[in-house]
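The values are calculated or read from the model by the stated rules, or taken from the named source; none is laboratory data. Note that the coordinates shown come from a computational prediction; the quantities given were computed from them, not determined experimentally. So basically every Cβ, Gly included, is an ideal-geometry build from the backbone, and we count neighbours across all protein chains shown.
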Ligand code: PXP
């Protein structure tokens, strides 16, 4: 029997991180020539086979801006997955933009990236309400959770159809074989448990070209969301051509 390939969601946040590093003010409106344009990156990712595009509208707007999300909605042809905190204003924004799915994540301003999973058990009521509103708008909700059985149960009780297992602890433990095995086993148990509850199992955070081999041994995986490793690889592969092109301009080419 042929196994179904795991889908690839490409997280393009760091294209906007690079833009904001230079064009913080202009990037807010996206109304001038500012580069790189994350929408252009998304379209190229789709051409290369991305199954979906993921972007996170953070409360501090450190990378993606509202206009980016709107333009992604207007432009991409696969699926738009909007990562967001359980914040009232962002919920209203999402309902207006209508991504195909939202992924609810915890947010702390001081964190570098989304460092922990959502504590679904501690905010069941609030999450249930958001899930119901998204369901009503035809938007699937995913909950970004640690591979913890209590969180999987809590996620199942909200009515959300999907979870995204946080693979960050596994990725951080990667160079310690014993710790890595422990984290992989936690992920495996959580995936099995979620599948028993009929939750669609996605995973993401810290997945790269090396650790993906073990990640793919997890059962029931539907989609992986990968960002940093892809953007880092794109820089490495692209720098040679970019320099050659500028050298050609210097020579009047
Ligand atoms: N999934 C979620 C919910 C995330 O918050 C992130 C980081 O923004 C990712 C996946 C992608 O993580 P990485 O950039 O480490 O691949």
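Values as computed for the structure displayed
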{"quantity": "Filtered residues of segment 188-221 (kept if buried (at least 20 other Cβ atoms within 10 Å of the Cβ), in contact (Cβ under 8 Å) with a residue 40 or more places away in the chain and within 14 Å of the ligand (Cβ to nearest atom))", "calculated": "202, 204, 205, 207, 215, 221"}
{"quantity": "Test: residue in segment 99-122 that is away from the ligand (no atom under 11 Å from the Cβ), at pLDDT 95 or above and loosely packed, with under 15 Cβ neighbours inside 10 Å", "calculated": "no"}
{"quantity": "Selection count where residues are more than 13 Å from the ligand (Cβ to nearest atom) and touching a residue at least 24 places away in the same chain (Cβ under 8 Å), scope segment 222-242", "calculated": "1"}
{"quantity": "Of residues in segment 52-63 being within 12 Å of the ligand (Cβ to nearest atom) and more than 15 Å from residue 9 (Cβ to Cβ), the one surrounded by the fewest Cβ atoms within 10 Å (Cβ to Cβ)", "calculated": "62"}
